[in-house]
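Visitor: Sharing a structure, written as structure tokens. Questions coming.
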Amino acid sequence: MPAGRLAEQLDISPSNLSAHLAVLTGAGLTQVRKAGRQRIYAADLVATAELVSFLVADCCGGDPELCRSVTANLGAAAIKACN
């Protein structure tokens, strides 16, 4: 999604969004490509799933019962982290 459209959807200033996107891109959670003068951002779903898996495993201590409500709608990688 173009950065300008993201800023509109989130109702934040473009400069504020730019700072957030720089952090997310630097962390590998988003990918960016240029299309003319625009920058198009997309979530890196694999990296995001890996981050969620780590956080769930760390937070829940690997206890499947503690993780169950959190992982109900997540992919297999997050569920695997709890088992």
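Visitor: Which residue is nearest to the chain's Cα centre (by Cα), if the candidates are limited to the stretch 54-71 and must be at pLDDT 70 or above and part of a loop (DSSP other than H, G, I, E, B)?
Guide: Ranking the qualifying residues of the stretch 54-71, first place goes to 61.
Visitor: Let me spell it out: the conditions are (1) modelled with pLDDT of 90 or more; (2) surrounded by fewer than 14 Cβ atoms within 10 Å (Cβ to Cβ), and residue 21 meets all of them except one. Which number is the exception?
Guide: (2)
Visitor: Only one of (1) at pLDDT 90 or above; (2) of a type in the set (D, E, K, R); (3) farther than 16 Å from residue 1 by Cα is not met by residue 11, so which one is it?
Guide: Result: residue 11 fails condition (3) only.
Visitor: Then there is this: Restricting to the stretch 24-40, name every residue that is under 26 Å from residue 51 (Cα atoms) and surrounded by 11 or more Cβ atoms within 10 Å (Cβ to Cβ). Break it down into steps so the answer makes sense when it comes.
Guide: Kept after step one, since they are under 26 Å from residue 51 (Cα atoms), are these residues of the stretch 24-40: 24-34, 39-40.
Those that are under 26 Å from residue 51 (Cα atoms) and surrounded by 11 or more Cβ atoms within 10 Å (Cβ to Cβ): 24, 25, 27, 28, 29, 30, 31, 32, 39, 40.
The values are calculated or read from the model by the stated rules, or taken from the named source; none is laboratory data. It should be emphasised that the depicted structure is a prediction, and the values quoted were computed from it without experimental measurement. Cβ atoms come from the backbone with ideal geometry, glycine included; neighbour counts cover every protein chain shown.
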